[in-house]
Amino acid sequence: MTGLIDIHCHILPGVDDGPKEVEESIAMGRLYATVGFRAVVATPHCIPGTRWMPEISLIHARARMVRAALEAEGVALKIYTGMEIALDPLVPILLRQKRLLTLANGPYLLIESPFQQFPLGWEGLLADIRGLGYKVLLAHPERCAGLAQKPSLVDDIQATGVYVQVNLDSLAGLNGRHAQKAALLFVEKECLHCLATDSHDSVRRCPAMVRRTAEAVAAVMSRDNLLLLMKTNPERVLLGQDLKAIDKEHTAVPVKTRPRKWFWFK
């Protein structure tokens, strides 16, 4: 596959738990180009009230640094900016204060799902964010432990009208059985709009996972759906356009009957 776009990654050096040095960013960039990506959106963590709340000026500066370094190395990869913003009551306030970055300077916000439980009143919080004129792309909700205990949370998420981004390695079973099961539930409910790598380095949580997992996932959900989630819809994010959900009717095998072993890789 070529022309892919990763709308969620941590490629900027010295900002969060991604690369510490620009050399690691270059290594990630090389991997991205090798496995077929033409662009990524750098989305460092933004967690209100913590040390991981980078200034917009810092993100832009590090993005310029990485772009220059990749160009000097002959790596053809476009770098857009954004943030992975924790789902927090302060988000609407910070948006009004212009302290948060959208994806590629468009209308989309990448909002990070909590890893344990969605907070009380989360539906209203997402409604408030959307009420300010933003489109919400919810990052890796399949990794929320609460979803394993309450699968109907997928219906609740769908009812809010937000878009959903699942991590590719979750769908491939690399984040554990519960995350994989939840990811497949988003497919079954046709509530899935983007797949992303959420890469943090060039070794473990890295773009190379695409080479190991994408074709196997395509064999199950269909290549058309895979391209929709990793190329067409991410392009629409960059353009600020509405996204199309996965079409379950075009999956290669009915979701409920898929053997789990198809998704486990070494």
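A few notes on this one:
- Normalised contact order of the chain, rounded percent, pairs of Cα under 8 Å and 6 or more residues apart: 19
- Gain in span if fully extended, HIS60 to GLU73, counting 0.36 nm per residue against the direct Cα distance: 2.7 nm
- Of THR213, ILE129, ILE85, farthest towards positive along the dipole that unit charges on Lys, Arg, Asp, Glu beta carbons give region 4-263: THR213
- For region 76-140, the list of chymotrypsin sites (Phe, Trp or Tyr not before Pro) that fall in a loop by DSSP and count at most 12 other C-beta atoms within 10 angstrom reads PHE115.
- Long-range HN-HN contacts of TYR108 with modeled amide H, under 5 Å: LEU103, LYS135
- Given LYS98/LYS244; LYS135/LYS244; LYS20/LYS231, the pairs whose alpha carbons are separated by over 25 Å: LYS98/LYS244; LYS20/LYS231
- Between the amide H of HIS8 and those of VAL41, THR197, ASP198, distances stay under 5 Å, these residues lying 5 or more places away or on another chain, with hydrogens modeled in the peptide plane.
- Restricting region 164-244 to trypsin sites (Lys or Arg not before Pro) that sit in a DSSP loop and have at most 16 other Cβ atoms within 10 Å of their own Cβ leaves ARG204, LYS244.
- Where a label projected 7 Å from the Cα of PHE115 along Cα→Cβ would reach, residues of region 129-159 with amide N under 20 Å: 138-150
- Region 30-42 - phi-based ³J(HN,Hα) in whole Hz, Karplus 6.51/-1.76/1.60, Gly and Pro as x: 4, 5, 4, 5, 5, 8, x, 8, 9, 7, 9, 9, 6
- MRE, 222 nm, helices only [DSSP H, n ≥ 4, -39500 (n - 2.57), over the chain, to nearest 500]: -10500 deg cm²/dmol
- Listed residues VAL75, LEU103, PRO13: farthest to the positive end of the dipole of region 1-107 (Cβ charges): LEU103
- Loop trypsin sites (Lys or Arg not before Pro), region 1-106 (other Cβ atoms within 10 Å of the site Cβ: 10 or fewer; DSSP): ARG51, LYS98
- Cα-based shape type of the chain, given that a ≥ b ≥ c are square roots of the gyration tensor eigenvalues and the cut on a/c is 1.5: oblate
- Applying the Karplus relation 6.51 cos²θ - 1.76 cosθ + 1.60 with θ = phi - 60° to region 87-92 yields 3J(HN,Hα) values of 5, 9, x, 7, 4, x Hz, where x marks Gly and Pro.
- Region 134-168 and region 191-219 have Cα centres spaced 18 Å apart.
- Under 5 Å between amide hydrogens, built in the peptide plane, is the criterion, and for LYS78 it picks out ALA39, VAL40 among residues at least 5 positions away or on other chains.
Bear in mind these aren't lab numbers, they're just calculated from the coordinates by the rules spelled out. Not measured: the values here are computed from a predicted model. So basically every Cβ, Gly included, is an ideal-geometry build from the backbone, and we count neighbours across all protein chains shown.
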